[in-house]
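A.B. asks: This is the structure, below, for whatever I ask next.
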Amino acid sequence: MSVGRLILTIALFLSTSAQAQERATVQERFATKESSIYGHATVSSHVRNDFYDSIGAGVDLGFWGTENIGGELRLHYFNTTLGAEAQRIQETTGLTPDARPQDMMVSAGARWSLGYGKFHIWERWVVHFDPQLVGHAGVTFAETRLLPTLSLGFSFLTHWRWNIQAKFDLQITVQSEERAARGQVTSLGFLPMLGVGWAWEGL
């Protein structure tokens, strides 16, 4: 082998080794959840076919035991008023719905993180997120009534700088209420919720 071929072979070998060392690796998570606690301020609208309009605000407190499973406590207050149609009926007939306006929801539940990802916004910001399943069980206070309440749905949790988090929950609710004329009634509802808060990592 000539000296020229030897030098060319060595140069190609070194070039290949350098490229192998620079090969992209799997990036570490921007924000980890394992052994962390969090608190989120929340706003919502509870939509039910009960002639009421319910706007709510509250707080979610939670703990992640692992990267995928976490527990959560929820306290949520509602400002509930008669809808336009119910107001018209009340003014013309004096009748009101047999359902009672919701005042507060207290529940406990769990979150299951299905994965982790990120995407670009306007080629400038990177949003890190977890798609999650979330379920809760508790009670809703409606004047003097207590309504057993279950909720289940999908959540989109995003992570930002300084451990700031934002989430968007879409949950279906199932409630049972003892009504004056019809007895025990089961009702379905829709509970979209926005939350913004902070996480404390590495407990």
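A.B. asks: I'd like the FRET efficiency for Thr144 and Ile164, computed as 1/(1 + (r/R0)^6) with the beta carbon distance as r and R0 of 45 Å, rounded to 0.05.
C.D. replies: 0.70
A.B. asks: What is the packing order of peptides 167-174, 126-133, taking the mean over residues of other C-beta atoms within 10 Å and listing the highest first?
C.D. replies: Ranked from most to least packed, the peptides come out as 167-174, 126-133.
A.B. asks: Phe119 to Leu75: FRET efficiency via 1/(1 + (r/R0)^6), r the Cβ-Cβ distance, R0 25 Å, to the nearest 0.05?
C.D. replies: Once the sixth-power term is evaluated, E becomes 0.20.
A.B. asks: Accessible surface of Ser45 in the full protein assembly, 1.4 angstrom probe, to the nearest 10 Å²?
C.D. replies: Per-residue accessible area (Ser45): approximately 40 Å².
A.B. asks: I would also like to ask the following. Would you mind getting the accessible area per residue of the range 33-201, heavy atoms of the protein chains only, 1.4 Å probe, in Å²?
C.D. replies: Heavy-atom accessible area per residue stands at 53 Å².
A.B. asks: Heavy atoms only, probe 1.4 Å: what % of the accessible area of the range 33-201 goes to carbon and sulfur, would you let me know?
C.D. replies: Percent of accessible area from carbon and sulfur atoms in the range 33-201: 67.
A.B. asks: Moving to a separate point now. Given a 1.4 Å probe and the protein chains all in place, what does the accessible area of Leu75 round to, in Å² to the nearest 10?
C.D. replies: The accessible area of Leu75 comes to roughly 60 Å².
A.B. asks: Run the quick spin-label model on Ala137 and Leu194: label points 7 Å from Cα toward the beta carbon, then report their separation in nm to one decimal.
C.D. replies: Rounded to a tenth, the inter-label distance reads 3.2 nm.
A.B. asks: Just subtract the alpha-carbon distance of Ser176 and Glu201 from 0.36 nm times their residue separation and send over the number in nm, one decimal.
C.D. replies: Computed gain between Ser176 and Glu201 is 5.2 nm.
The values are calculated or read from the model by the stated rules, or taken from the named source; none is laboratory data. In this text the structure is predicted, and so the values were computed from the model without any measurement. Counting neighbours? That spans all protein chains shown, and the Cβs are built from the backbone with ideal geometry, glycine included. Please note that ligands, DNA and RNA were not included when accessible areas were found on the heavy atoms of the full protein model with its side chains. Shrake-Rupley method; radii C 1.70, N 1.55, O 1.52, S 1.80 Å.
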